[in-house]
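Colleague: One structure follows; several queries about it will come next.
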Amino acid sequence: MLPSLWEAVAGTRAVDWAVRDDEGRHVFTPEMARCWAWKDELPEQRLVCVGKHLGRWSALVAPRLLPTLYARTERLGRPDDFRDADLTPLQLEVAEAALAGGPLTGPELRTLIGADKKQVDGAVVVLQRALVLTNAGVVAQRNGWGAIAVDVLARRFDVSKRPTEPEARRTLAAAVLASAGELSAADLGGALGWRAKRSRETLDELAEAGNAARREVHGLSLWNPV
């Protein structure tokens, strides 16, 4: 498992998110209240990159690692470089709308494009996974919860100076390994959305360079930072 925002705030992986107030209602614990606010405030202030960039969950990526992560796109790191990506017409339209008028919320994107919620939400998820869009904070709505705004990632963060793909893979793997303390190839693949073969090869490269140690436990290969 990797450190989460909750773990950083609470100091434990055990989640205790709510307590009852004097009137018997469930309310956030102070730690959860902080996490709930920071997951939106940090990306709005560009202190961290937040989005579904590594899978179907929201990941927090340090700005210093973004150029390394962006290297896998093989794009140039310009705000409009998504025009060279393999996108559907709808995904391209969503990206162009965010480039022209972002940050934009889901309701704003749907109004501009004229597509339904399912289509737009699906396009945003794909664009976040492709590192085209990222979260840019929350906009208050007239009714209910606030709506997450998205913007073009390469406009919010400088990703123009990228390492080579092999160097990027090793840097990302080393960062995950340092955070986790011990990893299997499956663990690394789950964290970064990689196939097991790529994860195993990259961890072995770290071991060959003297930056990781490999051991076998009941037939399972595990890597530790050195």
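Colleague: Could you grab me the full set of residues in region 66-84 that are touching a Pro at 6+ places or on another chain (Cβ under 8 Å) and not small (Gly, Ala, Ser)?
Modeller: The answer is Pro67, Thr68.
Colleague: Can you confirm whether region 2-23 contains a residue that is in contact with a Lys or Arg (Cβ under 7 Å, 6 or more places away or on another chain), under 29 Å from Gly102 (Cβ atoms), in contact (Cβ under 8 Å) with a residue 40 or more places away in the chain and surrounded by 12 or more Cβ atoms within 10 Å (Cβ to Cβ)?
Modeller: The answer is yes, given that some residue of region 2-23 is in contact with a Lys or Arg (Cβ under 7 Å, 6 or more places away or on another chain), under 29 Å from Gly102 (Cβ atoms), in contact (Cβ under 8 Å) with a residue 40 or more places away in the chain and surrounded by 12 or more Cβ atoms within 10 Å (Cβ to Cβ).
Colleague: Please specify each residue of region 119-136 satisfying the condition of being in a strand (DSSP E or B) and basic (Lys, Arg).
Modeller: First pass over region 119-136, keeping only residues in a strand (DSSP E or B): 133-136.
Scanning region 119-136 gives no hits.
Colleague: Right, something else. What is the residue count in region 59-108 for residues that are of a type in the set (A, V, I, L, M, F, W, C) and free of Cβ contacts under 8 Å to residues at least 24 places away in the same chain?
Modeller: Of the residues in region 59-108, 6 are of a type in the set (A, V, I, L, M, F, W, C) and free of Cβ contacts under 8 Å to residues at least 24 places away in the same chain.
Colleague: Another question, if that's okay. Report those helices (runs of 4 or more DSSP H) wholly inside region 137-226 carrying at least 1 residues which are open to solvent by 20 Å² or more (accessible area, probe 1.4 Å), hydrophobic (A, V, I, L, M, F, W, C) and touching a strand residue (DSSP E or B) at 6+ places or on another chain (Cβ under 7 Å).
Modeller: 165-180, 196-208
Colleague: Which residues, taken from region 3-30, are closer than 21 Å to Leu188 by Cα and in contact with a Ser or Thr (Cβ under 8 Å, 6 or more places away or on another chain)?
Modeller: Selection gives Pro3, Arg13.
Colleague: Which residues, taken from region 24-37, are within 21 Å of Ala59 (Cβ to Cβ), open to solvent by less than 70 Å² (accessible area, probe 1.4 Å) and either more than 25 Å from the chain's Cα centre (by Cα) or not hydrophobic (A, V, I, L, M, F, W, C) (or both)?
Modeller: Once the filter is applied, which keeps residues that are within 21 Å of Ala59 (Cβ to Cβ), open to solvent by less than 70 Å² (accessible area, probe 1.4 Å) and either more than 25 Å from the chain's Cα centre (by Cα) or not hydrophobic (A, V, I, L, M, F, W, C) (or both), region 24-37 yields only Glu31.
Colleague: Condition test on Ala123, is it open to solvent by less than 60 Å² (accessible area, probe 1.4 Å) and either out of contact with any Gly (no Cβ under 9 Å at 6 or more places or on another chain) or over 17 Å from Ser58 (Cβ atoms) (or both)?
Modeller: yes
The values are calculated or read from the model by the stated rules, or taken from the named source; none is laboratory data. Predicted model, so just to flag it, every value in this text is computed and none were measured. Using ideal geometry, Cβ is built from the backbone for each residue, glycine included, and neighbour counts are taken over all protein chains shown. For the accessible areas, the whole protein counts, side chains as well, though only heavy atoms, and no ligand, DNA or RNA atoms are used. Shrake-Rupley method; radii C 1.70, N 1.55, O 1.52, S 1.80 Å.
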